[in-house]
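Laboratory data are not the source of any read-out in this text; all were calculated from the coordinates shown. Computed from a predicted model, the values in this text were never measured in an experiment. Positions of Cβ are generated from backbone atoms using ideal geometry, with glycine treated the same way; all protein chains shown enter the neighbour counts.
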Amino acid sequence: MFLPMVVGVDGSESSLRAVDWAADEAALHGVPLRIVHAYRWDRYEGASLARELGKPSGHVTSDDILVVATRRARRHHPDLAVTTAAVAEEPEYVLLREARNASAVIVGTRGRGELADLLLGSVSLAVATTADCPVIVIRGNHDNRAVGGRRGRIVVGVADAPTAAVRFAYEEARRRGAALDAVRAWRCPTHETVDHPLLAGTPERVHEERAAKELEAALADAPADVRLRRHTAEGPARRVLLTASHEGDLLVLGRRRPGQFGHRLGRVAHTLLHHSACPVAVVPDTA
């Protein structure tokens, strides 16, 4: 059984760009596309959708939104299997329920006018924080397509060991024929100096070498057919990855399993979901 790609639409141009991306993803993975609209979303139809339908924006219905979204999905993939659903429920609940039986959920940013790609709405944030499957938030610089990106490169933030996020990044790079940048940030605490008994010589080198070894360990199962570049950089992880996002078509981040305080999204992922220069995939750790 092939689990579908699920994309949430609200009629906004941001969500329709997410449909373009989701159609590419579904075609790349050979799975159906499921387009979901929740009635209780605020209306963000946008002038372009109303013009395409030839009616005032205030007259756009849920069925209209799904028709336009389906049309866009099949623009580049006419043979793609597409199903739709309109549900009278809060959107985050609908998408989280859909995520239980999805290979991934794709959502857009939320905002109006020129700020549409700068603001991340509560629905997208809630889904990225809680969903049982990978969530891709379509933001930043992109051409609405998951294939043939401008950079030909995917970036993944690497933790201490092989993770679901790293495996997801391998598969995305392989399917797209893209290079993969595996990035690990490291820090040199300010209190450490050359007078420290364990840090004779250059203290920065000790931390950099440790980061390089940890990176190698995390990439121990890297497939031979993935063009992989290993990169360590000094600085806070959110700053390092934010810089790296300018060179990628997709940034992949991990999300740890829920702890005693439930689902939480770390500061790194939270920052990048709001400010990344390219789309962001948040992958829950299954270990």
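Descriptive notes on the structure:
- With R₀ set to 51 Å, the beta-carbon distance separating Arg71 from Asp221 gives a calculated FRET efficiency near 0.80.
- Sorting 8-16, 164-172 by their mean Cβ neighbour count within 10 Å, with the most densely packed peptide first, gives 8-16, 164-172.
- FRET efficiency, 1/(1 + (r/R0)^6) with R0 45 Å, evaluated for Arg267 and Ala86 via beta carbons: 0.80
- Per-pair calculated FRET efficiency, R0 = 30 Å: Arg97 and Arg150 via Cβ, rounded to 0.05: 0.30
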